[in-house]
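*Asks:* Mind having a look at this structure? Questions to follow.
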Amino acid sequence: MVKRYSHTAIVTIQSGALVKGEWVAGVSQDIEVKGQYYPSNSGQQVKQNADGKEFIVHGEFSTKVRPVSDVKHIRIDSIGLDVNIICWESFQTHSVIYV
């Protein structure tokens, strides 16, 4: 039987604040998340990021970890993925990181 959550991803959380109208980056923190990656074959699914910009989804990372705010980047070394996160959505039994 195949392990459902077979990949370990490193998700980067970037904090920061506006100071006199200019963004000042805070401390970045990496968390380890186990899950399963599914590449998008159609390229037709569109998601909005926190700023309201729309992006085409290239893949999904499904995990049991609840979403964290201010996530920016995901790295999955086992499949050579190193990309920015579009959004992280919560569902009843799991959550999905869209890239």
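The values are calculated or read from the model by the stated rules, or taken from the named source; none is laboratory data. Owing to the predicted nature of the structure, the values given are computational and were not obtained by experimental measurement. Virtual Cβ from ideal backbone geometry, glycine too; neighbours counted across all protein chains shown. Accessible surface is based on the protein model in full, side chains and every heavy atom, while ligands, DNA and RNA are left aside. Shrake-Rupley method; radii C 1.70, N 1.55, O 1.52, S 1.80 Å.
*Asks:* Quick check on ILE79: is it open to solvent by 50 Å² or more (accessible area, probe 1.4 Å), closer than 18 Å to HIS7 by Cβ and either touching a residue at least 24 places away in the same chain (Cβ under 8 Å) or not β-branched (Val, Ile, Thr) (or both)?
*Replies:* Taking the combined requirement at face value, the residue satisfies it.
*Asks:* Output the strands (runs of 3 or more DSSP E) that fall wholly within the stretch 1-64 and possess 3 or more residues being surrounded by 12 or more Cβ atoms within 10 Å (Cβ to Cβ) and within 16 Å of the chain's Cα centre (by Cα), or say none.
*Replies:* In the stretch 1-64, 7-19, 22-39, 59-63 are the strands (runs of 3 or more DSSP E) which contain 3 or more residues that are surrounded by 12 or more Cβ atoms within 10 Å (Cβ to Cβ) and within 16 Å of the chain's Cα centre (by Cα).
*Asks:* Sticking with this structure for a sec: Among the listed residues VAL57, VAL96, VAL24, VAL71, identify the single one that is among the aliphatic types (A, V, I, L, M) and in contact with a Lys or Arg (Cβ under 7 Å, 6 or more places away or on another chain).
*Replies:* Testing whether each residue is among the aliphatic types (A, V, I, L, M) and in contact with a Lys or Arg (Cβ under 7 Å, 6 or more places away or on another chain) leaves just VAL57.
*Asks:* May I pose another question? Taking the options GLY43, GLY26, GLY21, name whichever one is under 15 Å from VAL99 (Cα atoms) and at pLDDT below 95.
*Replies:* GLY43
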